[in-house]
1. Just name the residue that is modelled with the lowest pLDDT out of those in segment 14-30 that are surrounded by 13 or more Cβ atoms within 10 Å (Cβ to Cβ) and not charged (D, E, K, R).
2. Among the numbered criteria (1) over 11 Å from the mean Cα position of the chain (by Cα); (2) part of a strand (DSSP E or B); (3) within 19 Å of residue 88 (Cα to Cα), which single criterion is violated by residue 16?
3. For residues in segment 109-121 being surrounded by 12 or more Cβ atoms within 10 Å (Cβ to Cβ) and out of contact with any strand residue (DSSP E or B) (no Cβ under 7 Å at 6 or more places or on another chain), which is nearest to residue 81 (Cα to Cα)?
4. Name the single residue that is nearest to residue 9 (Cα to Cα) among those in segment 77-127 being part of a helix (DSSP H, G or I) and among the basic types (Lys, Arg).
5. Is it true that residue 42 is of a type outside the set (Phe, Trp, Tyr) and under 27 Å from residue 3 (Cα atoms)?
6. Do any residues in segment 8-24 that are more than 20 Å from residue 81 (Cβ to Cβ) and of a type outside the set (D, E, K, R) have Cβ atoms under 6 Å from those of residues that are modelled with pLDDT of 95 or more and assigned to a helix (DSSP H, G or I), where the two are at least six apart or on different chains, and which pairs are they?
7. Within segment 74-88, track down each residue that is within 14 Å of the chain's Cα centre (by Cα) and within 20 Å of residue 39 (Cβ to Cβ).
8. Can you pull out the residues in segment 31-44 that are within 23 Å of residue 100 (Cβ to Cβ) and either at pLDDT below 90 or buried (at least 23 other Cβ atoms within 10 Å of the Cβ) (or both)?
Amino acid sequence: MHTPARVLLVDDHPAARRTVRALLADMGMSVAVVCGEAENGKQAVEKVRSLEPDIVLLDIGMPEMNGVQAAYEIRRMAPYAKIIFFTVDDSPEASTAAKLLGVSALVSKSSPARVLISTIQNLVSSF
């Protein structure tokens, strides 16, 4: 029996965080649990430092520090953490940034919920 993956939800929209929290709850607590939330990149970096999540679900377009900048900082201080860009910005530039930063996956918010769920399940099975 393995320990559930600890997920940090980072999005400036509370509704998006609530929706993902509900999706993760539907997956079952044995796969992944939400260990915290942040509404901007600066908070995300602070929460990664204090909570040490396994997975950071990170929006790109946020105030104070965007997801690309946050991913850079998170990668530097917590190389063990898997990062998923979960964003409306699925542009080629976002994909390039994800590759350069070592982000594990990029999932568009317009994708069906099962895409995000399977992405998280695949990451969890790689631990």
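1. The first filter runs over segment 14-30 and keeps only residues surrounded by 13 or more Cβ atoms within 10 Å (Cβ to Cβ), leaving 16-21, 23-24, 27.
Now restrict to residues that are not charged (D, E, K, R): 16, 19-20, 23-24, 27.
Details: 16: 92, 19: 92, 20: 91, 23: 87, 24: 86, 27: 73.
Per the criteria, the residue is 27.
2. Going through (1) over 11 Å from the mean Cα position of the chain (by Cα); (2) part of a strand (DSSP E or B); (3) within 19 Å of residue 88 (Cα to Cα) one by one, residue 16 breaks only (2).
3. The first filter runs over segment 109-121 and keeps only residues surrounded by 12 or more Cβ atoms within 10 Å (Cβ to Cβ), leaving 109, 111, 113, 115-121.
Going one step further and asking which of them are out of contact with any strand residue (DSSP E or B) (no Cβ under 7 Å at 6 or more places or on another chain), we end up with 111, 113, 117-118, 121.
Details: 111: 23, 113: 22, 117: 18, 118: 18, 121: 15 Å.
Across segment 109-121, the extreme among qualifying residues is 121.
4. Within segment 77-127, the first condition is being part of a helix (DSSP H, G or I), and the residues that meet it are 77, 92-101, 113-125.
From what's left, among the basic types (Lys, Arg): 99, 114.
Details: 99: 20, 114: 17 Å.
Filtering segment 77-127 for residues that are part of a helix (DSSP H, G or I) and among the basic types (Lys, Arg), the one nearest to residue 9 (Cα to Cα) comes out as 114.
5. Working: of a type outside the set (Phe, Trp, Tyr): yes; under 27 Å from residue 3 (Cα atoms): no.
Answer is no for this residue.
6. So the pair list comes out empty.
7. The answer is 74, 78, 81, 83, 84, 85, 86, 87, 88.
8. Within segment 31-44, 38, 41, 44 qualify.
The values are calculated or read from the model by the stated rules, or taken from the named source; none is laboratory data. These numbers come from a predicted model, not from an experiment. No Cβ is skipped: glycine too gets one built from the backbone with ideal geometry, and neighbour counts run over all protein chains shown.
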